[in-house]
Every structure is written in C-alpha cells, then in structure tokens.
Amino acid sequence: MAGNSFGQIFRFTTWGESHGPALGVVVDGVPPRVAFTEADAQVFLDRRRPGQSRFTTQRQEPDQVKILSGVFEGQTTGSPVSMMIENVDQRSKDYSEIAKTYRPGHADYTYDAKYGIRDYRGGGRSSARETASRVAAGGLARKVIDALAPGLTLRGALVQIGTMPIDRANWDWTTVDDNPFWCPDPAMTGPWETYLDEIRKNGSSVGAVIEVVASGVPVGLGEPIYGKIDSDLASAMLSINAVKGVEIGAGMSAAALTGEENADEMRMDGENVSFGSNHAGGVLGGITTGQDLVVRFAVKPTSSILTPRESVTSAGEDTDVSTKGRHDPCVGIRAVPVGEAMMACVIADHLLRHRAQIGDFGSQAPFSARGKAGE
C-alpha cells in the first residue's frame with residue numbers, strides 16, 4: 001500500500017491501524033535545533049482524544065505520545081522525528097459480526113476489491129484513528145512555524161452541524177475552547193447539544209463543517225502552478241477521513257458573486273497594502289497575500305450507525321447491516337484539531353520550500369515588507 005506520506009520538505013509518513021498495538025508517524029525534513037518535546041504534541045492530541053464528551057466515541061484512549069527519534073535534549077537534531085501512540089482500548093470483538101459484510105459508506109468494499117484483504121476491526125488503516133498520527137505531526141509543524149514565522153497563529157472551529165450553522169455575527173474565538181464542539185458562537189452550543197442528543201439516541205449520525213484560519217501568514221508562500229498553497233491545503237483536507245468537500249475563502253459561494261463583489265480591492269495603508277475583503281481566502285494565484293488563510297471542509301455523517309442498511313457480503317449475498325461498537329454521532333467534532341494539524345503541516349512545508357528556493361526569511365521583500373506596493 002503506497003500513499004502514506006504527505007508533504008515535500010516537511011514530509012510525514014503515518015503507520016499503524018485502529019486495532020493494532022500502536023500507531024505513529026515519522027516526520028522527515030525537520031530543521032535542526034527546533035525546540036520540541038512530547039508535551040508540544042500532547043496538547044493537541046488531548047484535543048482530538050476520544051471519550052471527552054457524550055457527543056464523541058466513548059473509546060477511552062489516553063493517546064500518550066512517545067518520541068522515539070530525532071530529538072535530543074529538547075531540540076530536533078535534523079534526523080527523522082519518529083513518534084508513537086499506543087492503542088489501549090480496542091474492542092475487536094465488536095466487529096466480528098461484520099467480518100464478511102461490507103458496511104455502507106465505509107471503505108470495506110473498495111479495500112477488499114483492491115487488495116483482496118482487509119482489517120475489519122474498526123476499519124484498520126482506513127479508520128479515523130489514523131488521524132492521531134497527523135495531529136502529532138501537526139504539533140511538530142507548529143514548532144517549525146514558530147521558528148520560521150513568529151506571530152503566525154492557527155486555529156479551527158466547528159461552524160455547522162447538520163442543517164444548523166452558526167451565526168457569524170456572534171463569532172468569538174475565546175469561546176471555542178469552552179464547549180465540547182469547538183463552537184465560536186455561544187448561542188449555538190445549547191441547540192447543538194439538544195440536536196445531537198436526539199441523533200445519538202436514535203443511533204444515527206450527522207455531518208459537519210469545520211473552518212480553519214491562519215493569521216499572520218507571510219506574503220509569498222506557494223507557487224503559481226502545481227505548487228499552489230491552496231491546492232495543497234485542499235489535498236490535505238480531503239485526505240482526512242470522511243471529508244467530502246473543501247472551500248478556500250468564499251469557496252462555492254463565489255459562483256453567486258459578481259466580479260465587482262468578488263474582487264478583494266486594495267488600497268495603501270501607510271507603506272502596506274490593505275485589502276477591503278478576503279473572498280480569496282488569503283491566496284491569489286496560489287500564493288499567500290498576507291491576509292488570513294481561510295479553509296473550510298465538510299465532513300459526512302459517521303457511516304457506522306445502528307439503523308439497519310442494505311448491503312452485501314464478500315460472498316456476494318444481499319444482507320442488512322447495522323454497526324455496533326463505539327462511534328461518534330458527529331465525527332466532525334474531533335476533526336477540528338485534525339484540520340488544524342493538516343494546515344500546520346502544509347504551512348510548515350511551504351515555509352521550508354520558500355526558504356529552499358528564495359532564501360532565509362527576513363532577507364526577502366515579501367517577508368520583510370509584508371505586502372508593500374510594487375512587490
């Protein structure tokens with residue numbers, strides 16, 4: 001099986017399965033002398049960890065990360081950084097009844113059709129459990145960002161559950177960590193709780209939309225053709241389990257705008273360029289503008305539900321299947337830190353790619369001037 005790696009210079013490879021003894025990640029291309037400890041990754045793994053509320057799977061995994069290589073005395077050495085997360089709360093017997101049955105909405109059928117073998121225990125390699133490895137890599141990516149682009153901040157929020165979006169007029173970043181949904185609209189947490197309690201009681205599931213925003217992004221990251229930073233961000237987000245759509249900036253709604261409405265007009269603010277809007281989501285021609293980098297992605301409803309669904313077996317027989325076990329009624333909730341991690345990895349990669357092609361930061365106009373006219 002190929003395709004387990006992501007990135008060019010800051011490049012990570014994940015390994016492990018949902019019900020195996022452990023999973024982990026190897027990150028290559030990390031510069032030496034970047035301050036990094038297990039705690040720097042653990043803080044983000046704790047945000048993704050299952051079992052933190054009644055609205056997520058009740059699988060109890062501490063997700064304690066161990067650094068196996070690439071760090072000495074609290075600093076990266078320049079060699080590959082390997083991290084491991086042990087699985088401690090597997091219940092493989094929950095999946096024995098569907099060993100020969102393809103679950104609708106899952107990758108069971110396609111994996112079997114392609115490889116002729118599949119790990120039915122929680123989905124094996126296709127499980128969202130794999131995203132814990134990405135979050136560990138994202139913790140390291142943030143430290144690389146801190147070293148190369150001080151002042152850049154990156155954060156995510158849940159902006160819609162099912163048919164219930166937030167009111168953007170109420171957006172308050174300070175509330176995101178104060179509720180189980182990473183919701184930036186305090187008025188929506190109550191309705192979402194009621195809604196998801198009903199979904200969970202019915203043994204069903206629902207989808208969500210996550211928004212990830214990076215502020216303080218340097219001007220000039222990305223390349224205009226196949227190295228577009230928005231193209232890499234879209235690929236990163238679509239690689240996350242259950243993601244079915246990605247938007248940059250205005251995204252799909254840009255199709256309903258006129259050219260006058262969509263254009264992010266510019267004026268000078270002292271020596272800097274000031275934009276009147278950000279429909280482009282911080283990217284023009286695949287290159288960052290210095291505005292907020294804005295990405296949204298849609299997560300489909302969790303495919304593992306108790307309601308019987310029509311399916312087939314590996315022997316070619318028609319059957320009905322309901323999935324037992326411990327599952328998220330809305331997998332989009334725990335996708336927030338995963339989306340943050342993937343954006344961090346993309347930005348870290350592009351910072352290193354820029355440095356490799358253009359030179360050290362601070363010596364080039366796009367990074368020292370931050371959007372001056374004439375660049």
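Around residue 4, under 10 Å between beta carbons, what's the net of Lys plus Arg minus Asp minus Glu among the other residues?
Here the charged neighbours net out to 0.
As a test of the formula, what do you get for the chain when each DSSP H run with n ≥ 4 contributes -39,500 (n - 2.57) and the sum is divided by the residue count, at 222 nm and rounded to the nearest 500 deg cm²/dmol?
-7500 deg cm²/dmol
Could you tally the net charge around residue 164, taking each other residue with its Cβ under 14 Å from the Cβ of residue 164, Lys/Arg +1 and Asp/Glu -1?
That sum, taken over residues with Cβ under 14 Å, equals -4.
Heavy-atom accessible area of residue 15 with all protein chains present, probe 1.4 Å, nearest 10 Å²?
Its accessible surface works out to 90 Å², give or take rounding.
Determine the order of 109, 102, 195 by accessible area, beginning with the largest, at a probe radius of 1.4 Å.
109, 195, 102
What does the charge count around residue 279 come to, taking other residues whose C-beta lies under 10 Å from its C-beta (Lys +1, Arg +1, Asp -1, Glu -1)?
That works out to -2.
Compute the distance in nm between two label points, each set 7 Å from the Cα along the Cα-to-Cβ direction, one at residue 99 and one at residue 112.
1.3
In region 144-232, what percent of the accessible surface is made up of carbon and sulfur (1.4 Å probe, ligands and nucleic acids excluded)?
52
Where a ≥ b ≥ c are the square roots of the eigenvalues of the C-alpha gyration tensor, would you call region 120-235 rounded, which needs a/c under 1.5, or, failing that, prolate if a/b is larger than b/c, or oblate?
Oblate, because a/c is 1.5 or more while a/b does not exceed b/c.
Under a point-charge model restricted to the Cβ atoms of Lys and Arg (+1) and Asp and Glu (-1), what is the dipole moment magnitude of the chain relative to its Cα centre, in debye to the nearest 20?
For the chain, the charge dipole is close to 920 debye.
How much length is gained on full extension from residue 37 to residue 269, taking 0.36 nm per residue of separation minus their Cα-Cα distance?
Residue separation times 0.36 nm, minus the Cα-Cα distance, leaves 79.5 nm.
Can you classify region 161-212 as rounded, prolate or oblate using the Cα gyration tensor, where a ≥ b ≥ c are the square roots of its eigenvalues, rounded means a/c under 1.5, and otherwise it's prolate if a/b beats b/c and oblate if not?
prolate
Going from most exposed to least, what order do 175, 37 have by accessible area with a 1.4 Å probe?
Largest accessible area first, the list is 37, 175.
The values are calculated or read from the model by the stated rules, or taken from the named source; none is laboratory data. If you're wondering where the values come from, they're calculated on a predicted model, not measured in any experiment. Cβ: placed from backbone, ideal geometry, glycine included. Neighbour counts: every protein chain shown. Ligands, DNA and RNA are excluded from the accessible area calculation, which covers all protein heavy atoms including side chains. Shrake-Rupley method; radii C 1.70, N 1.55, O 1.52, S 1.80 Å.
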